[in-house]
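A short worksheet on the structure shown next.
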Amino acid sequence: MTNGVAPVTYFPGGTSVSRLRVYSWVASDGLAGGTPHLHTSCSEAYVVLGGQGRVQTLSVDGFTETPLLPSAVVWFSPGVIHRLVNDGDLQLLVIMQNSGLPEAGDAMMTFPPEYLADRDRYRAAATLPSKLGGPPDDEIEASARRRQRLAVDGFLALRRAVEEHGTAALTPTYDAARALVAPNLANWRKTWSLGASAAAEQTADFLSGLEAGDASHLADAKVQSRLTPDAHAFGMCGYLDVYGLNPSV
């Protein structure tokens, strides 16, 4: 117990996890898969549960393609533009840094520049119909397919630009991402400070207590679990099983 208050049980590292069944929707280049995007402040990891595929990326290393086979683990930092390619029943466990931020819009899809330059136009293309209003799943899927195609077109154009002009061609995309997320940053900092940052500070408190000869937090240990997902959703890259694992912030 810290200062007389039982410690909050965070999912390890203040991360979030979800199960992803990658879309089999075929894009304009004949490849099936998800919606290319980048994250502005969160690292991401994949643990391959089954099937096979690839993750295509654009970064300081240029264009790369990493195979995704059962038991493989792949992770990357904010700013890596990534596209999942489904070569056959690709299923992943996705681990996201900074639980709460990805859910709040940390990702930016690689739509063509005219969408990235206009926040309202970007939001209209990125947002799926709300289930609360009762749209059928086929309407939501049709919208998700449209944004996948749009983002793949933008990704392919970026890839050509990088191959022709080098990685400096990514700078306008990064600038657009910064501008799009700017209005959200104050709320994101609050979410981070109450979530992932607080989880790290809690470890610091535990270590300080142990150094001082106080192991009282161990007496408050408990087990938590989620037997089923909290929600199912059309994600950017596939069908998501979402687990609510961290304290609400």
Only residues that are assigned to a strand (DSSP E or B), crowded, with 20+ Cβ neighbours inside 10 Å and not charged (D, E, K, R): list them for segment 1-47, please.
Ser16, Ser18, Leu20, Val22, Gly33, His37, Leu38, His39, Tyr46
Look through segment 111-140, keep the residues that are in contact (Cβ under 8 Å) with a residue 60 or more places away in the chain and surrounded by 17 or more Cβ atoms within 10 Å (Cβ to Cβ), and return whichever of them is farthest from Ser24 (Cα to Cα).
Leu116
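Give segment 190-204 a look and list any residue that's in contact with a helix residue (DSSP H, G or I) (Cβ under 8 Å, 6 or more places away or on another chain) and either assigned to a helix (DSSP H, G or I) or more than 16 Å from Ser99 (Cα to Cα) (or both), or say none.
Scanning segment 190-204 gives Thr191, Ala196, Ser197, Ala198, Ala199, Ala200.
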Which number in (1) over 20 Å from the mean Cα position of the chain (by Cα); (2) at pLDDT below 95 marks the one condition that Gly100 misses?
(1)
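For segment 18-47, which positions are more than 30 Å from Ser197 (Cβ to Cβ) and within 16 Å of the chain's Cα centre (by Cα)?
Arg21, Val22, Tyr23, Gly33
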Taking Val74 as meeting all but one of (1) out of contact with any Asp or Glu (no Cβ under 8 Å at 6 or more places or on another chain); (2) crowded, with 16+ Cβ neighbours inside 10 Å; (3) under 29 Å from Ala176 (Cα atoms); (4) in contact (Cβ under 8 Å) with a residue 40 or more places away in the chain, write down the number of the exception.
(4)
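Return the total of residues in segment 48-62 being surrounded by fewer than 18 Cβ atoms within 10 Å (Cβ to Cβ) and either in contact with a Gly (Cβ under 9 Å, 6 or more places away or on another chain) or part of a strand (DSSP E or B) (or both).
7
The values are calculated or read from the model by the stated rules, or taken from the named source; none is laboratory data. Given the structure is predicted, the values throughout are model-derived calculations rather than measurements. Methodologically, a virtual Cβ is constructed for each residue, glycine included, from the backbone with ideal geometry; neighbour enumeration extends over all protein chains shown.
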